[in-house]
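See below for the structure under consideration.
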Amino acid sequence: MDAFLEEPDHEARADGWIDSPSFGGRRPVLHGTVRYRLHCTDTDGLPRTFTGRKDPAPGAPVRLWADTTRLTFRVLNGHVHEPGGTDAGLLGTGTAHLGATDLARLLTTFRTTGPHGTAALTRFGRFLAGELWNTYALGHR
């Protein structure tokens with residue numbers, strides 16, 4: 001958690017799966033980051049990259065729910081490692097929306113390793129709340 005909070009890009013590993021009929025159902029994430037770059041395979045075993053972007057703009061706090069529960073995404077051919085990577089073709093785009101129950105369930109999946117797991121999750125929650133405050137209440141990015 002220390003590295004995540006101190007690193008400007010706030011990079012961390014994301015594990016789990018992508019559940020989509022377009023990919024052939026539930027597909028495991030082979031490599032992923034919380035900056036919405038997930039590598040998986042489709043039902044034929046072909047490599048795919050799911051990339052997403054949240055770009056909350058400073059402004060009215062009433063936009064907070066919509067901005068934080070909406071993810072614009074792209075699906076790329078191959079495993080693309082760099083943001084904006086052009087070595088793979090675009091297969092599709094879309095927008096994912098989280099409902100209140102989806103968000104609540106997602107929050108229960110956060111995990112950390114090490115001797116101070118609960119304290120680390122608390123620090124992450126404070127960091128996230130601070131980032132949201134800076135964006136929506138103070139108008140800073």
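The values are calculated or read from the model by the stated rules, or taken from the named source; none is laboratory data. The structure presented is a predicted model; accordingly, all values stated were derived computationally and were not measured. Please note: Cβ atoms are built from the backbone with ideal geometry, for glycine as well, and neighbour counts cover all protein chains shown.
For region 67-82, the condition holds for at least one residue, the condition being that it is polar (S, T, N, Q) and in contact (Cβ under 8 Å) with a residue 60 or more places away in the chain.
Does region 130-141 hold any residues that are at pLDDT below 80 and not in a loop (DSSP other than H, G, I, E, B), and which are they? Before the answer, list the steps.
Going residue by residue through region 130-141, those that are at pLDDT below 80 are 131-141.
Scanning region 130-141 gives 131, 132, 133, 134, 135, 136, 137.
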